[in-house]
Structures are given as C-alpha cells and as structure tokens.
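A short write-up of the structure that comes next.
The values are calculated or read from the model by the stated rules, or taken from the named source; none is laboratory data. Just so we're clear, the structure is a prediction, and the values are computed from it rather than from any experiment. Reconstructed Cβ throughout: ideal geometry from the backbone, glycine too, with neighbour counts over all protein chains shown. These area figures cover heavy atoms from the full protein model, side chains too; ligands, DNA and RNA do not enter into them. Shrake-Rupley method; radii C 1.70, N 1.55, O 1.52, S 1.80 Å.
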Amino acid sequence: MTRQQLVTTPDNYAPFLLSQGIRHGDLLFISGQAGADDDGKIVEGGFRAQGRQAFANLRRALEAGGSSLHDVIKVTIFVTDMSNFRDVVELRREFFSAPYPADTIAEVRGLYDPAVMIEIEAIAAVHDEEK
C-alpha cells in the first residue's frame, strides 16, 4: 500500500513542506484547514466567517482526494477561544449530517497566524468508483 499526496489548487501549503492531505488505502488524512481564501489571506468577518471558509477549504481538500464531508470519520477542530463553542456546533450542523463524525474540539493558545481563530483537520473514507 502506498501513500499518495493530495494536491489542491491553489496549494498554499507547498511553501511549508507539508501536504494538504495524504491518502493511504481507503483513508484520507487532511491537514488542518483554516479560514484562508485562495490567496492565503485570512477572511474577514469574525469567527463564523473563518469557520465557513475553513469548512469550504476542508470540502475542497476532501473532494480532491476522492472523498466528501459526508465521508468524514473523525474531525479535530482547534479554536483559539472556547467561547466560540456554540458557533462550532452550528458550523458542524451546517456542514455535516447524521451520523456526525467523531470529533475533538480543543482550545489552543495560537495557530499558525495570530489572526486565525479556527483550524479543522479530518480523516475520511475514500470510495473508488473503479472498485
């Protein structure tokens, strides 16, 4: 079984020597996705705006790897302020559906940019059409 690197366009991760995601067998491991636009700039509008963009980036990465938000098995959501917990639950309701993925939500001191308030990583199943 070989590892395959996931590449999206744009790929704001390449300069940092990491992959958007790695596929191994029927599993896809997605690196943390934040609320950055296609130019790598953090979107304005607060926590919910960043969260929606982070989920949109997660969706793009999953689809590039042959998966989808529906196929997410485990998600880890990092926030810089746990007072946004209710917003996280609402974002999960907006982007996921039952059965909801296993989840860890953790408050961290900081993320890769001081403006980043949320980052989401995921593990998802991949369904090959060829099988």
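Odds and ends about this structure:
- DSSP-loop trypsin sites (Lys or Arg not before Pro) across the stretch 15-110, with at most 16 other Cβ within 10 angstrom: K41, R109
- The calculated FRET efficiency for T9 paired with M82, based on their beta-carbon distance and R0 = 25 Å, is about 0.15.
- Placing a pseudo-label 7 Å from each Cα along the Cα-to-Cβ vector at E90 and D26 gives an inter-label distance of 3.7 nm.
- Given R0 = 22 Å, the distance between the Cβ atoms of K74 and D39 translates into a calculated FRET efficiency of 0.15.
- Residue order for I42, I118 - accessible surface, 1.4 angstrom probe, largest first: I42, I118
- Which of T76, T2 is most accessible, then next, and so on - probe 1.4 Å: T2, T76
- Overall form of the chain: oblate. Here a/c, set by the Cα gyration tensor axes a ≥ b ≥ c, is 1.5 or more, and a/b is not larger than b/c.
- Local net charge near I22, Cβ-Cβ under 12 Å (Lys/Arg +1, Asp/Glu -1): +1
- Contour minus Cα-Cα distance for R59 and A106 (0.36 nm per residue): 14.8 nm
- Length gained on full extension, T2 to A49, computed as 0.36 nm times the residue gap minus the Cα-Cα distance: 13.3 nm.
- For the set Y112, Y100, solvent exposure ranked by accessible area (probe 1.4 Å, protein chains only) runs largest to smallest as Y112, Y100.
- Of the beta bridges in the stretch 73-131, as assigned by DSSP with both residues counted there, near 50 percent are antiparallel.
- Gyration tensor (alpha-carbon) shape descriptor, the stretch 58-131, a/c threshold 1.5: prolate
- A Gaussian network model of the chain, with springs between Cα atoms under 10 Å, assigns the largest mean-square fluctuation among D39, D81, D11 to D39.
- Cβ-derived FRET efficiency at R0 30 Å, F16 paired with A98, nearest 0.05: 0.30
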